[in-house]
Amino acid sequence: MTTPSPSGHKHWSNRLAFIIATTGAAVGLGNIWRFPYITGQNGGGAFVVVYVICVLLVGIPLVLAEMAIGHSAQKNPLDALRTLAKKHNASEHWRWVGLLGLITLTVILSFYSVIGGFSLYYLFKALSGTFNHASASTVALVWQQLVTHPWQMLFWHSLFMLMTMGVISAGVINGLERATKIMMPALYIILFVLVACAAKIGDFHRAFLYLFHPNWHLINAHIVISALGHAFFTLALGAGALLTYASYSKPNSTLLGSVIPVVILDVLVAFLSGLAIFPLVFAFHLPVTSGPGLMYQALPIAFAHIHGGQWLGVLFFLLLLFAAWTSSINLAEPIIATLSQRAYASRRSSAWLIGFVAWALGIASLLSFNILAHVQWHHHTVFDLISSTSTDYLLPLGGLGFAVFAGWVMSPATLKASICKSSVVFYSWLWLTRIVAPLAILLILL
Ligand code: PHE
């Protein structure tokens with residue numbers, strides 16, 4: 001789907017290809033697995049409202065800012081910031097923002113692969129018919145059997161990482177992108193089916209109120225930080241992942257029209273996932289604060305209860321795996337692009353190198369579900385700490401860097417050429433990016 005230009009730099013073949021790849025990057029475990037459990041841990045509707053505000057006020061402007069940097073530089077995060085800083089007579093130190101992003105992506109990839117591995121395990125379980133007519137307690141047992149066996153988790157984590165790096169190093173991303181065109185719409189359809197099932201066998205009314213009828217008094221600093229972090233995570237924002245994909249879009253295209261559908265789809269998928277999971281959570285008395293196991297403990301109950309549930313389950317985990325895969329490829333791509341464009345290593349060796357580092361780091365997250373479960377800091381396991389530090393602090397910090405760089409260092413004329421033709425829209429964006437978004441991030445982080 002990307003073709004090299006005369007200068008050797010790859011480009012998406014057209015706007016639709018860019019939108020599909022970016023949606024593939026944004027929609028992933030963050031929407032389907034993470035959104036419901038973080039919502040459950042943060043009081044439901046109160047979290048959802050703040051999350052939506054964060055997406056609108058901070059997310060959209062910053063997606064455009066980060067993408068505009070990649071789009072005008074046509075380079076990897078590190079070199080994009082360096083070249084543009086030089087061009088605008090700013091300090092070379094801006095490249096540290098790019099470097100921070102690459103580190104953040106490695107950390108996220110490490111635990112993302114552990115959770116991606118869970119999907120592989122559940123796909124295998126669904127295929128073997130484990131969930132057929134299973135009771136809620138059997139479903140809970142399947143989860144327990146996974147997380148209490150570190151070697152088993154290690155196996156699935158390794159397999160997921162191998163699959164990601166295998167695809168990248170074999171250069172079959174083109175084939176994957178073609179598949180994404182079919183798999184992603186199929187995922188949306190299956191989510192609708194799951195919402196309908198959950199409405200039939202679960203407590204839909206209560207779930208709906210839980211998600212969309214906020215308890216305002218629950219809003220506190222912690223919820224706001226989690227909501228901001230989650231907005232960044234789900235949009236793949238703040239670490240140079242979007243910057244890299246935008247660097248593959250043609251220099252004469254504009255970004256706004258591509259960004260809006262991606263953001264809408266991204267939020268929609270999260271809501272659908274919430275509406276599929278929470279009716280089951282309430283009807284089958286699962287604790288909303290179950291944490292990372294919430295989705296894996298709730299959805300199989302639906303597969304157990306409906307006619308043809310086994311194949312629905314297989315299809316769901318297959319599509320989930322695909323969504324996770326396209327996101328993990330996006331997590332790795334900026335690092336691989338940086339290493340290979342700077343000629344430190346070939347694409348293939350970069351892929352295996354970064355895969356190994358993230359895989360090794362992932363073992364710490366993996367063990368926090370069992371052997372290291374007692375290692376806690378303020379009731380947070382190692383997994384919680386790795387996931388929330390990278391998501392709630394590092395991503396917003398990187399996003400802040402991109403916003404200030406785009407808003408104050410780059411010239412408005414360069415930006416306008418990248419973002420949109422309309423002056424009204426452009427200047428509204430510019431001031432959101434210069435003032436509102438950075439202030440919001442600073443206030444929340446401080
Ligand atoms: N947005 C992806 C998801 O929701 C995760 C991701 C984060 C991907 C950061 C790239 C960069 O699953």
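The values are calculated or read from the model by the stated rules, or taken from the named source; none is laboratory data. Since this is a predicted model, take the numbers as computed values, not measurements. Heads up, the Cβs are rebuilt from the backbone with ideal geometry, glycines too, and the neighbour counts pull from every protein chain shown. Heads up: the accessible areas ignore ligands, DNA and RNA and are worked out on the full protein's heavy atoms, side chains in. Shrake-Rupley method; radii C 1.70, N 1.55, O 1.52, S 1.80 Å.
Carbon and sulfur together cover what percent of the accessible area of the chain at a 1.4 Å probe radius?
Carbon and sulfur atoms account for 71 percent of the accessible area of the chain.
So if I take the alpha carbon set of the chain, get Rg, then get Rh from the Kirkwood formula, what is the Rg over Rh ratio?
0.96
For the chain, what does the accessible surface come to per residue with a 1.4 Å probe? Please give it in Å².
38 Å²
To the nearest 20 debye, what charge dipole does the chain have about its Cα centre, counting +1 at the Cβ of each Lys and Arg and -1 at the Cβ of each Asp and Glu?
For this selection, approximately 1000 debye.
Around H11, which amide H atoms from residues at least 5 apart in sequence, or from another chain, sit under 5 Å from its own amide H, with H modelled in the peptide plane?
Correct list: T3, S5.
Farthest toward the dipole's positive end in segment 1-148, which of I38, V142, L16, given Cβ charges of +1 (Lys, Arg) and -1 (Asp, Glu) about the Cα centre?
L16
Could you list the trypsin sites (Lys or Arg not before Pro) in segment 372-441 that lie in coil according to DSSP, counting only those with at most 14 other Cβ atoms within 10 Å of their Cβ?
K421
Using 0.36 nm per residue, how much length does the chain from L445 to L268 gain when fully extended, once their Cα-Cα distance is taken away?
61.1 nm
Please give me, ordered by residue number, the trypsin sites (Lys or Arg not before Pro) of segment 306-396 that lie in loop per DSSP and have at most 15 other Cβ atoms within 10 Å.
R342
Enter the accessible area of T289 (Å², nearest 10), with the probe set to 1.4 Å and all protein chains included.
Per-residue accessible area (T289): approximately 90 Å².
Can you list which of the chymotrypsin sites (Phe, Trp or Tyr not before Pro) found in segment 339-446 are DSSP loop residues with at most 11 other C-beta atoms within 10 Å?
Y344
Leaving ligands, DNA and RNA out of it, rank H217, H71, H307 by accessible area with a 1.4 Å probe, largest first.
H307, H217, H71
Determine which residues of segment 267-311 fall in the zone a paramagnetic label at H133 would reach in this model, i.e. backbone nitrogen under 15 Å from the point 7 Å along Cα→Cβ.
Residues 304-310 fall inside that zone.
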